[in-house]
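Reviewing the structure listed below.
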Amino acid sequence: MLILTCPVCGVTAEETEFHGGGEAHLTRHGPGSSDDDFEDYLFMRENPRGVHFERWRHVYGCGKWFHAARCTTTLEVFGTYPAQTTEPPKDLRAKISKKRPGWTWKDLA
Amino acid sequence: MSEPMTAGADGGIAAIAEAPLQGMITLRGDLSDDTIRAAVKSATGQKVPERGMINTADGVGVCWMSPDELLILCAHGDVPDKLHQLQESLSRVHALAVNVSDARAGFILSGPHARDVLAKLCPVDLAPDRFAFGQLRRTRLAQVPAAFWMLGEDRFHLICFRSQKQYVSDVLTVSAQPGSAVNVWSKTISGT
Ligand SMILES: [Zn+2]
């Protein structure tokens, strides 16, 4: 069971009050993009063992989207951060590095 | 609108009653906007609440629902006037005020075990020092969305969608059925 804190309304609850929205920080490739980029955008997803970044929605609460960083093996939540960003904040990445030295995720490390 | 219903079994661990008709207006907009804050103040006599809080007095008040949404509470019959007043004062700002009084149903839960009755159904830390008078919590109640706040010690006002009223009534009745006391938070409240 994940315990998430919504950065929008500040509520901490277990995951059933939220709804997972899949992988975070996707780059959208639409009309005009190459077939390879479009295929990647539509179908290719990370499936890491360890550090992962996801989108979540506080569906039973304030209704807003946010981001979460967590470990897929231990379900430890490293932190949550606003939806209005294209990459995880520096301080969160530093915190993850302390707990999971050498972690990588896509082109982040 | 529909007939008030009664819920809860005789001998249940908390009293459950359908709340009287409640006027409710959803107000969406930039809550830091001075015009909106002034309009809320003049419609309710209350300030825009802090995040996660509710400001009420004598059945008139404001609930913080999300960073761009408030729920205004007032007497059911006062809604048309209040709505008109809000729409007049907000005509020049980007905001939306809608009468949602009959979209929702309400319940009053009371008794020393009321906190436990909610705690059985919602993923909320209901420790008395974590959820107290003045706070408002939107959450999941069993399988449906709901929100609640405290009216006083051992008394909760809960709202849900009206289409789910029967379900909420049934699930509250089960949670409060006779012999189902769990004495988790009730100990701290009632001292028993
Ligand atoms: Zn939230």
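The values are calculated or read from the model by the stated rules, or taken from the named source; none is laboratory data. What you see is a predicted model; the values in this text were computed from it and never measured. No Cβ is skipped: glycine too gets one built from the backbone with ideal geometry, and neighbour counts run over all protein chains shown. All accessible areas refer to the heavy atoms of the entire protein, side chains included, with ligands and DNA or RNA removed. Shrake-Rupley method; radii C 1.70, N 1.55, O 1.52, S 1.80 Å.
In the set (1) part of a loop (DSSP other than H, G, I, E, B); (2) in contact (Cβ under 8 Å) with a residue 40 or more places away in the chain; (3) surrounded by 16 or more Cβ atoms within 10 Å (Cβ to Cβ), B:Val182 fails one condition alone, (3). In region B:117-154, the residue that is farthest from the other protein chains (Cβ to nearest Cβ) out of those that are among the basic types (Lys, Arg) and part of a strand (DSSP E or B) is B:Arg137.
For region B:110-133, the condition of being open to solvent by 10 Å² or more (accessible area, probe 1.4 Å), modelled with pLDDT of 95 or more, more than 17 Å from B:Trp185 (Cα to Cα) and touching an Asp or Glu at 6+ places or on another chain (Cβ under 9 Å) holds for none of the residues.
For region A:65-87, enumerate the residues that are within 16 Å of the ligand (Cβ to nearest atom) and open to solvent by 50 Å² or more (accessible area, probe 1.4 Å). Can you show your working first?
First pass over region A:65-87, keeping only residues within 16 Å of the ligand (Cβ to nearest atom): A:65-68, A:77, A:79-84.
A:Trp65, A:Pro82, A:Gln84, listed by residue number.
Counting only residues that are more than 16 Å from the ligand (Cβ to nearest atom) and without any contact (Cβ under 8 Å) to a residue 24 or more places away in the chain, region A:10-59 holds 21 of them. Here is the figure for region B:79-107: residues that are out of contact with any Gly (no Cβ under 6 Å at 6 or more places or on another chain), assigned to a strand (DSSP E or B) and crowded, with 18+ Cβ neighbours inside 10 Å total 5. Residue count for region B:30-46, restricted to those that are exposed (fewer than 14 other Cβ atoms within 10 Å of the Cβ) and in a loop (DSSP other than H, G, I, E, B): 1. Considering A:Glu54, A:Glu15, the condition of being within 14 Å of another protein chain (Cβ to nearest Cβ) and either at pLDDT 95 or above or open to solvent by 50 Å² or more (accessible area, probe 1.4 Å) (or both) is satisfied by A:Glu15 alone.
If you filter region B:155-175 down to residues that are β-branched (Val, Ile, Thr) and away from chain A (no Cβ under 14 Å), you find that the one that is farthest from the chain's Cα centre (by Cα) is B:Val174.
When region B:47-78 is filtered for residues that are assigned to a loop (DSSP other than H, G, I, E, B), among the acidic types (Asp, Glu) and either more than 14 Å from chain A (Cβ to nearest Cβ) or without any contact (Cβ under 8 Å) to a residue 12 or more places away in the chain (or both), only B:Asp58 remains.
Hey, can you tell me all the residues within region B:138-157 that are among the aromatic types (Phe, Trp, Tyr) and in contact (Cβ under 8 Å) with a residue 40 or more places away in the chain? Across region B:138-157, the qualifying residues are B:Trp149, B:Phe156. Of the numbered criteria (1) in contact with an Asp or Glu (Cβ under 7 Å, 6 or more places away or on another chain); (2) within 10 Å of chain B (Cβ to nearest Cβ); (3) open to solvent by less than 60 Å² (accessible area, probe 1.4 Å), the one A:Met1 fails is (3). Residue count for region B:56-70 under the criterion of being within 12 Å of the ligand (Cβ to nearest atom) and either under 12 Å from the mean Cα position of the chain (by Cα) or open to solvent by less than 40 Å² (accessible area, probe 1.4 Å) (or both): the result is 4.
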